[in-house]
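The values are calculated or read from the model by the stated rules, or taken from the named source; none is laboratory data. Since the structure is predicted, the reported quantities are computational estimates derived from the model, not experimental observations. Cβ placement follows ideal geometry from the backbone for every residue including glycine, while neighbour counts extend to all protein chains displayed.
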Amino acid sequence: MSGLQNRILGRPIGKVPIMSATTQSNKDRVFIFDTTLRDGEQSPGATMTLEEKLQVAETLDDMGVDIIEAGFPIASNGDFEAVVAVAKHVKRATVAGLARAITADIDRAGEAVRHARRGRIHTFVSTSPIHLAHQMKKTEDEVIEIIARTVAQARNLVDDVEWSAMDATRTPIEFLKRCVDTAIKAGATTINLPDTVGYAVPDEHFRMFKEIIGSVPNADKAIFSVHCHNDLGMAVANSLAGVAGGARQIECTINGLGERAGNAALEEVVMALRTRADAMPYYTEIETTHLSRASRIVAAASNFPVQYNKAIVGKNAFAHESGIHQDGMLKNAETYEIMTPASVGIKETTLVMGKHSGRAAFKDKLRELGYELGDNAFQEAFQRFKDLADRKKHVYDADIIALVDDEVGSAGDRIKLVDMEVVSKTGGVHSCTMTLSVDGEESTVTYDGTGSVDAIFSAIKQAVGQQPHLVLYAVDGVTGGTDAQASAHVRLELNGRIASGNAAEPDTLVASARAYLNAFNRVMIERGAAAQGAMAG
């Protein structure tokens with residue numbers, strides 16, 4: 001561990017449980033830079049409230065994330081306030097704010113992160129020919145001057161400065177070397193070479209880092225970082241290849257959240273390094289038993305459900321249905337599992353709760369699943385659990401997770417469902433009579449539609465007086481069986497803003513209505529438009 005790394009992180013390096021003291025001395029520490037709150041929130045529809053961002057930040061901090069990129073302070077007052085709040089709230093991690101290579105951006109980022117115990121300004125500029133010609137409209141020499149000036153400005157505000165070459169993987173290597181050399185001389189302590197558009201393949205990503213680090217004279221004065229997008233499905237592979245090439249920071253997000261096809265998934269890179277330490281002799285300080293809980297919290301806050309077969313944290317990641325697999329698991333779990341569920345915070349037992357369970361048992365189950373609710377939230381969740389248990393023969397962990405996430409996700413909604421009656425007839429009219437509470441004031445409307453769901457969604461639009469465009473509507477079963485909860489997902493667009501909503505109910509139509517309302521509430525959240533289009537990575 002270099003003195004530079006210790007200075008930037010500002011805390012001693014602890015032991016990694018899966019390595020002995022002897023083997024650890026031969027390993028390299030990889031820092032985890034989580035950008036769920038910045039790059040992750042750029043996913044259309046993934047807007048989070050301030051309270052949700054603080055919850056995510058606290059989860060990341062508890063898990064051992066080294067750097068939390070909390071937002072883009074110049075983008076809006078809301079983003080600035082979120083970075084300030086996270087900076088004040090986080091206890092251990094470095095807190096970073098993003099800034100374009102513009103004086104006002106850097107000043108704003110410095111103002112936001114000064115509240116952190118350890119603050120970082122992350123500034124970026126495009127370097128690829130296509131970006132310089134069509135977006136920046138600058139020459140290579142002009143870009144070099146911008147890097148020198150803006151990195152020096154950032155370094156005058158904080159000791160920890162990260163510089164990124166946007167679209168590095170499509171930048172000529174000799175020009176990229178000049179940029180890196182200039183940034184380090186100007187005071188950058190971390191150099192990020194992002195695969196902004198997910199274009200790279202692992203071998204060339206490895207060679208890029210190997211050559212840059214091996215040929216830039218002062219490369220040893222900075223930590224090199226990977227930031228990979230998943231447009232070709234290679235973000236995790238490229239991130240690990242970059243580490244093999246000499247990078248020692250991975251920029252990633254929980255659940256791989258991010259614009260377009262997303263970013264490298266934190267849980268995947270961490271567990272790949274842990275599970276295959278024989279092939280990749282590096283380690284992180286992440287407490288992996290927190291991964292499952294972090295995944296659920298981010299999925300609920302962003303309203304982006306995790307696909308069932310998602311690596312590490314998906315619903316089916318540790319599920320076995322094949323008879324051959326089940327036979328092997330009964331004899332020895334290692335026949336079909338290369339890591340244990342417990343290592344990522346997933347419990348093997350799922351059928352534990354029913355209608356006879358009391359408050360103490362329910363609270364213990366919530367704690368086991370990683371939830372700590374206030375008194376009012378707990379009472380509401382317990383009542384919904386009892387109602388669900390009366391209608392379902394078996395209540396699984398997945399049912400409880402969906403129930404609580406749904407309750408927490410809609411707690412601050414301005415528009416709430418009070419009552420709903422739907423009448424459907426084969427070949428006839430489908431009618432919905434609905435009572436909504438809008439900012440505490442109730443109103444009742446009736447609407448006839450071409451189908452039950454059409455009648456429900458149209459009734460909501462009529463009651464609220466807005467006409468959002470329905471981008472996506474989908475319904476899944478949380479668990480198996482005819483009494484399973486329906487998990488409804490809705491994505492809406494209104495006045496250029498996109499937001500997602502979800503809800504879980506035994507009644508599919510009620511779940512659909514509540515998911516639509518959840519998305520409606522989110523899409524009406526006002527967010528500043530300034531600087532939204534120019535994001536790094």
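What is the one condition in (1) surrounded by fewer than 24 Cβ atoms within 10 Å (Cβ to Cβ); (2) more than 21 Å from Gln42 (Cα to Cα) that Glu81 does not satisfy?
Answer for Glu81: the failing condition is (2).
Filter segment 212-223 for residues that are not polar (S, T, N, Q) and not in a loop (DSSP other than H, G, I, E, B); which is farthest from the chain's Cα centre (by Cα)?
The qualifying residue farthest from the chain's Cα centre (by Cα) is Gly214.
Please go through segment 112-152 and give me each residue that is part of a helix (DSSP H, G or I) and under 23 Å from Val86 (Cβ atoms), ordered by number.
Of the residues in segment 112-152, the ones part of a helix (DSSP H, G or I) are 112-113, 129-136, 140-152.
Hits for segment 112-152 are Ala112, Val113.
Test Arg491 against the stated conditions and say whether it is at pLDDT 85 or above, in a strand (DSSP E or B), surrounded by 23 or more Cβ atoms within 10 Å (Cβ to Cβ) and not assigned by TED's automatic domain parsing to the domain that holds Arg384.
Working: at pLDDT 85 or above: yes; in a strand (DSSP E or B): yes; surrounded by 23 or more Cβ atoms within 10 Å (Cβ to Cβ): yes; not assigned by TED's automatic domain parsing to the domain that holds Arg384: yes.
Yes: the conditions hold for Arg491.
Those residues that are in a helix (DSSP H, G or I), closer than 24 Å to Ala188 by Cβ and touching a helix residue (DSSP H, G or I) at 6+ places or on another chain (Cβ under 6 Å), I need them from segment 224-239; list them, please.
Going through segment 224-239, the residues in a helix (DSSP H, G or I) turn out to be 235-239.
If we keep only those that are closer than 24 Å to Ala188 by Cβ as well, we get 235, 238-239.
Asn238, Ser239, listed by residue number.
Restricting to segment 370-387, name every residue that is buried (at least 17 other Cβ atoms within 10 Å of the Cβ) and hydrophobic (A, V, I, L, M, F, W, C).
Matches in segment 370-387: Leu373, Phe378, Ala381, Phe382, Phe385.
Touching an Asp or Glu at 6+ places or on another chain (Cβ under 6 Å) and surrounded by fewer than 24 Cβ atoms within 10 Å (Cβ to Cβ), is that true of Arg100?
On the way: touching an Asp or Glu at 6+ places or on another chain (Cβ under 6 Å): no; surrounded by fewer than 24 Cβ atoms within 10 Å (Cβ to Cβ): yes.
Answer is no for this residue.
Looking at (1) outside any loop (DSSP other than H, G, I, E, B); (2) at pLDDT 75 or above, which one does Asn309 not meet, given that it meets all the others?
(1)
Among the candidates Ala57, Ala87, Ala109, single out the residue that is touching a Pro at 6+ places or on another chain (Cβ under 6 Å), crowded, with 20+ Cβ neighbours inside 10 Å and part of a helix (DSSP H, G or I). Steps first, please.
On the way: Ala57 fails: touching a Pro at 6+ places or on another chain (Cβ under 6 Å); Ala87 fails: touching a Pro at 6+ places or on another chain (Cβ under 6 Å).
The unique qualifying residue is Ala109.
Leu266: within 13 Å of the chain's Cα centre (by Cα), modelled with pLDDT of 95 or more and within 19 Å of Asn192 (Cα to Cα), yes or no?
Working: within 13 Å of the chain's Cα centre (by Cα): yes; modelled with pLDDT of 95 or more: yes; within 19 Å of Asn192 (Cα to Cα): yes.
Answer is yes for this residue.
So which residues in segment 240-258 are under 26 Å from Val180 (Cα atoms) and either part of a loop (DSSP other than H, G, I, E, B) or in contact with a Ser or Thr (Cβ under 6 Å, 6 or more places away or on another chain) (or both), if there are any at all?
Narrowing segment 240-258 to residues under 26 Å from Val180 (Cα atoms): 240-253, 258.
The answer is Gly245, Gly246, Ala247, Arg248, Gln249, Ile250, Glu251, Thr253, Gly258.
When you look at Thr103, is it under 23 Å from Thr288 (Cβ atoms) and touching a residue at least 24 places away in the same chain (Cβ under 8 Å), yes or no?
Numbers: under 23 Å from Thr288 (Cβ atoms): no; touching a residue at least 24 places away in the same chain (Cβ under 8 Å): yes.
Taking the combined requirement at face value, the residue does not satisfy it.
Run Glu259 past the list (1) in the same structural domain as Glu58 (by TED's automatic domain parsing); (2) surrounded by 19 or more Cβ atoms within 10 Å (Cβ to Cβ) and report the number of the one that doesn't hold.
(2)
Select from segment 165-201 the residues that are within 21 Å of Asn218 (Cα to Cα) and charged (D, E, K, R) and list them in ascending order.
Glu174, Lys177, Arg178, Asp181, Lys185
Inside segment 66-84, can you point out the residues that are farther than 18 Å from Gln249 by Cβ and touching a strand residue (DSSP E or B) at 6+ places or on another chain (Cβ under 8 Å)? Quick ask: steps written out before the conclusion?
Keep residues of segment 66-84 that are farther than 18 Å from Gln249 by Cβ, which gives 71-84.
Passing the criteria: Gly71, Phe72, Pro73, Ile74, Asp79, Phe80, Ala82, Val83.
Report, by residue number, each residue of segment 47-68 that is within 26 Å of Trp163 (Cβ to Cβ) and in contact (Cβ under 8 Å) with a residue 60 or more places away in the chain.
Our first condition is that a residue be within 26 Å of Trp163 (Cβ to Cβ); within segment 47-68, this holds for 53, 56-57, 60-61, 64-68.
Result: Lys53, Val56, Leu60, Gly64, Val65, Asp66, Ile67.
Can you tell which of Val197, Val180, Val113, Val201 is within 19 Å of Glu69 (Cα to Cα) and under 30 Å from the mean Cα position of the chain (by Cα)? Can you show your working first?
Values: Val197 fails: within 19 Å of Glu69 (Cα to Cα); Val180 fails: within 19 Å of Glu69 (Cα to Cα); Val201 fails: within 19 Å of Glu69 (Cα to Cα).
Going through Val197, Val180, Val113, Val201 in turn, just one is within 19 Å of Glu69 (Cα to Cα) and under 30 Å from the mean Cα position of the chain (by Cα): Val113.
Mind telling me which of the residues Ala186, Ala148 ends up being small (Gly, Ala, Ser), out of contact with any Ser or Thr (no Cβ under 7 Å at 6 or more places or on another chain), farther than 22 Å from Thr35 by Cα and assigned by TED's automatic domain parsing to the domain that holds Val95? Outline the logic, then answer.
On the way: Ala148 fails: out of contact with any Ser or Thr (no Cβ under 7 Å at 6 or more places or on another chain).
Just one listed residue meets the conditions, Ala186.
Being at pLDDT 90 or above, under 30 Å from His229 (Cα atoms) and surrounded by 13 or more Cβ atoms within 10 Å (Cβ to Cβ) narrows it down to one of Leu509, Leu470, Leu517, so name that one. Don't jump to the end; show me each part of the working.
On the way: Leu509 fails: under 30 Å from His229 (Cα atoms); Leu517 fails: under 30 Å from His229 (Cα atoms).
Just a single option satisfies the conditions, and that option is Leu470.
Name the residue that is surrounded by the fewest Cβ atoms within 10 Å (Cβ to Cβ), counting only residues in segment 274-306 that are of a type in the set (A, V, I, L, M) and assigned to a helix (DSSP H, G or I).
The initial filter retains those residues of segment 274-306 that are of a type in the set (A, V, I, L, M), namely 277, 279-280, 286, 291, 294, 297-301, 306.
Next cut, assigned to a helix (DSSP H, G or I) only: 291, 294, 297-301.
Details: Leu291: 24, Ala294: 26, Ile297: 23, Val298: 28, Ala299: 21, Ala300: 23, Ala301: 27.
In this case the residue turns out to be Ala299.
Read through the list (1) modelled with pLDDT under 80; (2) closer than 30 Å to Cys228 by Cβ; (3) among the polar types (S, T, N, Q), then give the number of the only condition that Ser343 fails.
(1)
Please specify each residue of segment 115-158 satisfying the condition of being within 30 Å of Leu54 (Cα to Cα) and loosely packed, with under 15 Cβ neighbours inside 10 Å.
Arg117, Asn156 - these are the residues of segment 115-158 that are within 30 Å of Leu54 (Cα to Cα) and loosely packed, with under 15 Cβ neighbours inside 10 Å.
Considering only segment 347-368, state which residues are at pLDDT 75 or above, under 15 Å from Ala294 (Cα atoms) and surrounded by 13 or more Cβ atoms within 10 Å (Cβ to Cβ).
Leu366, the sole residue that qualifies.
Within the set of pairs 6 or more residues apart or between chains, which connect a residue that is in the same structural domain as Val404 (by TED's automatic domain parsing) inside segment 291-316 to a residue that is in a helix (DSSP H, G or I) and not polar (S, T, N, Q) with Cβ atoms less than 6 Å apart?
none
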